[in-house]
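What follows is a set of notes on a single structure, which appears directly below.
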Amino acid sequence: MLKRISLLILSFLMISAMLPAQVTNSVSESRKKNIIDLLNYRFKGGYYTFEKMFNNNVLFPEELAGSCIMGIVIVSFQVDCSGEFTDFSFKNPIHPTINKELTDFFDLTFGQWNECKDSKYTHFEIPVQFRIRGVETNTTDALLICEGESPGYVCNGDAYYYNKATKLLEKGKAKKATEYIDILIRRDPYNPEYYDMKKDALSKMK
């Protein structure tokens with residue numbers, strides 16, 4: 001009987017531990033599904049044509065791989081119902097070189113958008129990840145991924161920057177901690193914990 005109770009408790013603890021990750025993944029998958037549905041409706045050939053076009057034209061800048069720079073850019077824009085492209089901007093920009101890479105890609109999509117009859121189908125926010133192969137980082141939130149080769153030496157994963165930031169905050173070195181927190185936000189702009197950490201750091205700097 002005791003063994004059965006212990007197994008039940010262990011099972012409950014394991015399920016509870018998995019819930020936050022499942023909720024996060026659920027939000028991420030729902031977001032990506034909505035974007036894919038919108039692209040299927042508005043982009044000629046649908047999402048998979050859009051993705052193939054991205055993969056064939058967007059490259060990871062070598063100089064950024066050499067500096068271990070990576071992250072998720074959220075590309076925001078409007079395509080009105082007549083197909084006009086406006087209000088193009090980057091949320092959580094990583095680097096000017098990546099901005100140019102993405103701007104050049106979206107220039108190629110001009111004329112490839114279907115007309116619509118409702119303005120609710122005109123706004124897009126597409127998360128695009130630039131990551132280096134083999135480096136540990138969040139891989140669930142991006143719709144499109146551009147992967148670069150390793151520079152030949154170790155680039156630190158997210159856990160390294162998280163541990164650094166946490167220890168610096170504990171020591172009261174908030175200004176230095178923000179440098180690591182900003183890297184985490186650049187890599188995962190959908191993670192609310194990183195914004196809470198930055199808010200905490202900024203409050204300690206006052």
Six or more apart or on different chains, Cβ under 7 Å: which pairs go from a residue in segment 154-173 that's touching a residue at least 24 places away in the same chain (Cβ under 8 Å) to one that's open to solvent by 50 Å² or more (accessible area, probe 1.4 Å) and in a helix (DSSP H, G or I)? Could you list them? Leu169/Asp200; Gly172/Lys204
Selected residue (only one of Leu59, Leu144, Leu64, Leu108 is of a type in the set (A, V, I, L, M, F, W, C), touching a residue at least 60 places away in the same chain (Cβ under 8 Å) and open to solvent by 60 Å² or more (accessible area, probe 1.4 Å)): Leu59
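Take the residues in segment 72-98 that are touching a residue at least 12 places away in the same chain (Cβ under 8 Å) and part of a helix (DSSP H, G or I), then tell me which one is surrounded by the fewest Cβ atoms within 10 Å (Cβ to Cβ).
At the first step, the residues of segment 72-98 found to be touching a residue at least 12 places away in the same chain (Cβ under 8 Å) are 72-83, 85, 88-95, 97-98.
Now restrict to residues that are part of a helix (DSSP H, G or I): 97-98.
On the way: Thr97: 15, Ile98: 22.
Out of the qualifying residues, it is Thr97.
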Regarding segment 127-135, can at least one residue be identified that is open to solvent by 60 Å² or more (accessible area, probe 1.4 Å) and in contact with a strand residue (DSSP E or B) (Cβ under 9 Å, 6 or more places away or on another chain)? yes
Please determine whether any residue of segment 142-152 is acidic (Asp, Glu) and assigned to a strand (DSSP E or B). yes
Return yes when Asp200 is free of Cβ contacts under 8 Å to residues at least 12 places away in the same chain, over 13 Å from the mean Cα position of the chain (by Cα) and outside any loop (DSSP other than H, G, I, E, B) and no when it is not. no
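Pull up segment 28-39, narrow it to residues that are open to solvent by less than 80 Å² (accessible area, probe 1.4 Å) and not charged (D, E, K, R), then point me to the one that is modelled with the lowest pLDDT.
Ser28
The values are calculated or read from the model by the stated rules, or taken from the named source; none is laboratory data. All values derive from a computational prediction rather than experimental measurement. In this analysis, Cβ positions are derived from the backbone assuming ideal geometry, glycine residues included, and neighbour counts consider all displayed protein chains. For accessibility, only protein heavy atoms count, side chains too; no ligands or nucleic acids. Shrake-Rupley method; radii C 1.70, N 1.55, O 1.52, S 1.80 Å.
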